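Trainee: Take a look at this one; I'll ask things after.
The values are calculated or read from the model by the stated rules, or taken from the named source; none is laboratory data. No experiment lies behind these values; they were computed from the predicted model shown. In this analysis, Cβ positions are derived from the backbone assuming ideal geometry, glycine residues included, and neighbour counts consider all displayed protein chains. Quick note on the areas: whole protein, heavy atoms, side chains included, nothing else; ligands and nucleic acids left out. Shrake-Rupley method; radii C 1.70, N 1.55, O 1.52, S 1.80 Å.
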Amino acid sequence: MSGDVERGGEGTELPLRRGWTTGACATAATRAAYEALLTGRFPDPVAIALPSGARISFALARAELLPEGAARAGVVKDAGDDPDVTHGALVQSTVRLAPAGSGVVFRAGEGVGTVTKPGLPIAPGQPAINPVPREMMRQAIAEVAGQFGGRGDVIVEISIPGGLALAAKTMNGRLGIVGGLSILGTTGIVVPYSCAAWVHSIHRGIDVAVATGLDHVAGATGSTSEAAVQRLHGLSDGALIDMGDFVGGMLKYLRRHPVKRVTIAGGFAKMTKLGQGLLDLHSKAGQVDREWLAGLLQEAGAPGHLVEACRHANSALQVLQDAEQCGVPVGQLVARAARKTALDVLRGSEIEIDTAVFDRTGRLVGEDHDERRKRR
């Protein structure tokens with residue numbers, strides 16, 4: 001598991017444990033339920049194939065034959081060492097026989113959402129079960145049907161008890177997924193602390209914004225700056241992209257899927273790093289360069305004592321406070337530099353780029369706008 005490590009005692013490194021996606025859990029539960037429907041027996045553990053072709057086994061946490069020709073199985077989601085909101089959730093599948101020729105029909109049960117907006121891989125009105133998990137379940141059903149003489153025509157209802165409350169901790173509401181969680185996964189495997197899932201959600205947020213006709217979106221580094229930029233521009237929830245540290249991932253996707261106007265919002269330290277040219281704003285990718293910040297102040301004609309204090313400041317916040325006490329608009333300087341970095345990424349694009357810099361309370365301390373907007 002290269003790259004996935006955590007610190008142990010005595011300076012050692014311990015591998016982070018991988019987990020399984022909700023899609024893999026739903027597939028295992030579906031296979032077990034369908035096999036029980038055909039044979040009267042639940043396989044436990046139950047084995048499924050991942051998209052890679054590897055086979056893995058899951059223990060069942062629930063197994064029951066229901067009246068009226070249905071079977072239900074459940075698997076507890078194990079996200080490994082990833083901080084996944086669905087870790088420990090029970091992913092259930094209730095399988096019923098369907099008329100010949102109907103194929104596999106998916107339904108959203110308790111705690112699984114329904115798509116209501118365009119721009120996602122699943123059409124509005126459909127259960128929020130993504131394409132790869134659907135295909136995994138179809139293959140599992142076909143495998144069981146071939147082994148035990150079934151037709152493979154079934155209704156599959158996926159449920160996650162308590163999923164509605166868990167969904168409040170995700171971006172589903174903003175994406176137009178109502179009623180619960182999504183059944184996700186492209187490999188079946190959860191890689192701990194992977195940025196891939198976050199960048200994927202950024203892309204889907206942009207897709208939904210484009211599909212719903214929004215011409216102004218805002219990517220923010222955190223909850224304080226997100227709430228502040230929403231107030232500043234009167235934006236709807238659907239226009240807010242949970243960018244986090246991945247400004248580069250957002251901008252590069254926007255270059256291929258443009259909207260008319262984008263505002264990049266963040267705290268002073270994060271936006272300083274963007275101004276320096278960093279496109280990953282996480283502390284592991286780089287720190288605030290106080291020498292760079294001192295040079296920015298010097299170029300703006302700041303007093304020498306402020307420039308020198310910046311070089312030895314304990315934090316970016318101290319630089320902001322010292323500059324404001326001297327009447328130097330360092331937030332504005334950072335906003336301008338951050339916008340320049342964004343423009344470099346979007347070179348040749350017609351997207352209007354704004355930047356907004358906030359302090360820790362959400363107070364606006366600097367902003368820079370597209371020249372076309374300034375002239376309006």
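Trainee: Give all pairs with beta carbons closer than 7 Å in which a residue from the stretch 101-125 that is on the phi > 0 side of the Ramachandran plot meets a residue that is outside any loop (DSSP other than H, G, I, E, B) and of a type in the set (A, V, I, L, M); count only pairs at least 6 apart in sequence or on separate chains.
Mentor: Pairs found: G111/L164; G111/L181; G119/V208; G119/V210; G119/A211; G125/V115.
Trainee: Search the stretch 141-157 for residues being open to solvent by 30 Å² or more (accessible area, probe 1.4 Å) and acidic (D, E), and hand back the single one that is nearest to D242 (Cα to Cα).
Mentor: E157
Trainee: I would also like to ask the following. Among (1) within 30 Å of A165 (Cα to Cα); (2) among the β-branched types (V, I, T); (3) in a helix (DSSP H, G or I), where does V144 come up short?
Mentor: Result: V144 fails condition (1) only.
Trainee: Counting only residues that are without any contact (Cβ under 8 Å) to a residue 60 or more places away in the chain and either surrounded by fewer than 17 Cβ atoms within 10 Å (Cβ to Cβ) or not in a strand (DSSP E or B) (or both), how many does the stretch 204-218 have?
Mentor: The number of residues fulfilling the criteria is 5.
Trainee: Here's a check for you: in the stretch 304-347, which residue that is modelled with pLDDT under 95 and of a type in the set (S, T, N, Q) is least open to solvent (accessible area, probe 1.4 Å)?
Mentor: S315
Trainee: While we're looking at this one, here's another question. Which residues, taken from the stretch 176-200, are farther than 23 Å from A140 by Cβ and open to solvent by 20 Å² or more (accessible area, probe 1.4 Å)? Write out each step before concluding.
Mentor: Of the stretch 176-200, the ones farther than 23 Å from A140 by Cβ are 176-179, 192-200.
Answer for the stretch 176-200, where residues must be farther than 23 Å from A140 by Cβ and open to solvent by 20 Å² or more (accessible area, probe 1.4 Å): V178, G179, Y193, S194, C195, A196, A197, W198, V199, H200.
Trainee: State the number of residues belonging to the stretch 158-175 that are more than 19 Å from the chain's Cα centre (by Cα), of a type outside the set (A, V, I, L, M) and open to solvent by less than 50 Å² (accessible area, probe 1.4 Å).
Mentor: 2
Trainee: Here's a check for you: in the stretch 48-60, which residue that is buried (at least 16 other Cβ atoms within 10 Å of the Cβ) and free of Cβ contacts under 8 Å to residues at least 60 places away in the same chain is farthest from A24 (Cα to Cα)?
Mentor: Restricting to residues being buried (at least 16 other Cβ atoms within 10 Å of the Cβ) and free of Cβ contacts under 8 Å to residues at least 60 places away in the same chain, the top hit is L60.
Trainee: For the stretch 219-249: of the residues being open to solvent by less than 10 Å² (accessible area, probe 1.4 Å) and either in a helix (DSSP H, G or I) or basic (K, R) (or both), which is nearest to A123 (Cα to Cα)?
Mentor: A239
Trainee: Within the stretch 250-278, work out how many residues are over 13 Å from D207 (Cα atoms), surrounded by fewer than 21 Cβ atoms within 10 Å (Cβ to Cβ) and touching a strand residue (DSSP E or B) at 6+ places or on another chain (Cβ under 6 Å).
Mentor: The qualifying residues number 1.
Trainee: Go through the residues of the stretch 129-140 one by one and say whether even a single one is part of a strand (DSSP E or B) and either in contact (Cβ under 8 Å) with a residue 40 or more places away in the chain or open to solvent by 70 Å² or more (accessible area, probe 1.4 Å) (or both).
Mentor: yes
Trainee: List the helices (runs of 4 or more DSSP H) that sit entirely inside the stretch 290-360 and contain at least 3 residues that are closer than 17 Å to T263 by Cβ.
Mentor: Numbers: elements: 290-299, 304-311, 316-325, 330-345.
By residue number, 330-345.
Trainee: Anything in the stretch 76-121 that is surrounded by 20 or more Cβ atoms within 10 Å (Cβ to Cβ), part of a loop (DSSP other than H, G, I, E, B) and β-branched (V, I, T)? List them, or say none.
Mentor: T86
Per-residue answers, yes or no, for (1) of a type in the set (S, T, Y); (2) touching a helix residue (DSSP H, G or I) at 6+ places or on another chain (Cβ under 6 Å):
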{"residue": "T170", "(1), (2)": "yes, no"}
{"residue": "L181", "(1), (2)": "no, yes"}
{"residue": "S201", "(1), (2)": "yes, no"}
{"residue": "G205", "(1), (2)": "no, no"}
{"residue": "S223", "(1), (2)": "yes, no"}
{"residue": "A228", "(1), (2)": "no, no"}
